[in-house]
1. Spot the failing condition for residue 33; the list is (1) without any contact (Cβ under 8 Å) to a residue 60 or more places away in the chain; (2) among the β-branched types (Val, Ile, Thr); (3) over 18 Å from residue 78 (Cβ atoms); (4) in contact with a helix residue (DSSP H, G or I) (Cβ under 7 Å, 6 or more places away or on another chain), and only one is missed.
2. Report, by residue number, each residue of the range 61-103 that is among the polar types (S, T, N, Q) and within 20 Å of residue 18 (Cβ to Cβ).
3. Considering only the range 52-106, state which residues are among the basic types (Lys, Arg) and more than 15 Å from residue 30 (Cα to Cα).
4. So which residues in the range 125-138 are assigned to a loop (DSSP other than H, G, I, E, B) and surrounded by 14 or more Cβ atoms within 10 Å (Cβ to Cβ)?
5. Which ones in the range 1-58 are under 26 Å from residue 111 (Cβ atoms) and among the small types (Gly, Ala, Ser)?
6. Condition first: more than 9 Å from the chain's Cα centre (by Cα) and either among the β-branched types (Val, Ile, Thr) or part of a loop (DSSP other than H, G, I, E, B) (or both). Now tell me which residues in the range 1-11 satisfy that.
7. What are the residues in the range 145-160 that are part of a loop (DSSP other than H, G, I, E, B), surrounded by 14 or more Cβ atoms within 10 Å (Cβ to Cβ) and among the polar types (S, T, N, Q), if any?
Amino acid sequence: MKIGFYPGSFDPITYGHLDIITRGAKLFDKLYIAISYNPNKKTVFTTEERIDLVKEAVSHIPNIEVIKSNQLTVNHCQALGATHILRGLRAVTDYDYEFQMTNFNTQINDKVDTVFLMTQGKYSFLSSSSVRELAGFKGDVSPFVPDNVKKAIDKKFNIQ
């Protein structure tokens, strides 16, 4: 069984994430979407809110399980039997960071490999932080996130 692991903060999940998830789910028998704890990030949504939002957004994809992760990614992969970390790339700047992380992870556990998918061009500019910033200015985030996420953002940011 091929098991993948797609970690991220998903604060919030965007159409760019969903592009990678949908395509990644075709590569693996099972794909874990791990809502990860990152001590360097201040999130708008709680871990539980993010899990619920992601679960609803991917509910139509049968081989996905959404989980919480407070562990080192390669250790969590090993515990779940995942042999591949799935990562999305938008631009060269993503590649530089992901290249470093992949090499670092390989030094920790060389039994877990990383698979990169380039996001569709129409999502190459899209990030959770840009969605949060737009929401902070009461902008319309509907072109960038699923309906359930838009509703949660509108509520969180008091957008009418």
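The numbers here are math on the coordinates, done by the rules we state, and not lab data. Here the structure is a predicted model, which is why all the values come from computation and not from measurement. Neighbour counts run over all protein chains shown; Cβ positions are idealised from the backbone, glycine included.
1. Failing condition for residue 33: (3).
2. Scanning the range 61-103 gives 63, 69.
3. Within the range 52-106, 68, 87, 90 qualify.
4. Result: 126, 127.
5. Answer for the range 1-58, where residues must be under 26 Å from residue 111 (Cβ atoms) and among the small types (Gly, Ala, Ser): 4, 8, 9, 24, 25, 34, 36.
6. Hits for the range 1-11 are 1, 2, 3.
7. Those that are part of a loop (DSSP other than H, G, I, E, B), surrounded by 14 or more Cβ atoms within 10 Å (Cβ to Cβ) and among the polar types (S, T, N, Q): none in the range 145-160.
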